[in-house]
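Encoded as structure tokens, the structure appears first; notes follow it.
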Amino acid sequence: MFDPEKFDSLPDSALVPITAFRPLAGIAPSTAWRRTSLEPDFPKPVRLGNRCTRFRVGDIRAFLAGQKSVPAAPVATNRERLAKATHG
């Protein structure tokens with residue numbers, strides 16, 4: 001089980017499960033999997049076996065550091081998307 005309080009003490013070469021993204025970045029595992037294939041800057045998974053995949057702590061740290069320096073883009077609400085779709 002991943003303990004987010006011990007994350008800072010882990011070496012960059014340590015491997016953590018995908019569930020580490022939720023407490024560290026607020027990203028659900030399903031979102032993290034999707035982003036691994038869509039975003040070139042997102043940490044890449046390290047496959048250890050058929051059902052065992054982990055992520056390097058150093059890659060996660062670099063990703064989180066990059067996220068803090070980039071302002072978050074505003075997210076449109078469903079109401080805004082619907083208004084845009086129907087009114088052009």
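Note on segment 1-31: residues that are closer than 14 Å to Pro45 by Cβ, part of a loop (DSSP other than H, G, I, E, B) and in contact (Cβ under 8 Å) with a residue 12 or more places away in the chain amount to 1.
Could you please let me know if Leu82 is of a type outside the set (Val, Ile, Thr) and at pLDDT 85 or above? Reasoning before the result, please.
On the way: of a type outside the set (Val, Ile, Thr): yes; at pLDDT 85 or above: no.
Answer is no for this residue.
Would you call Gly49 over 9 Å from the mean Cα position of the chain (by Cα) and within 23 Å of Asp3 (Cβ to Cβ)? Here the answer is yes, as Gly49 does meet what is asked.
The values are calculated or read from the model by the stated rules, or taken from the named source; none is laboratory data. All figures in this text were calculated on a predicted structure; none of them were measured in a lab. When we count neighbours, we look across all protein chains shown, and the Cβ atoms used for this are built from the backbone with ideal geometry, even at glycine.
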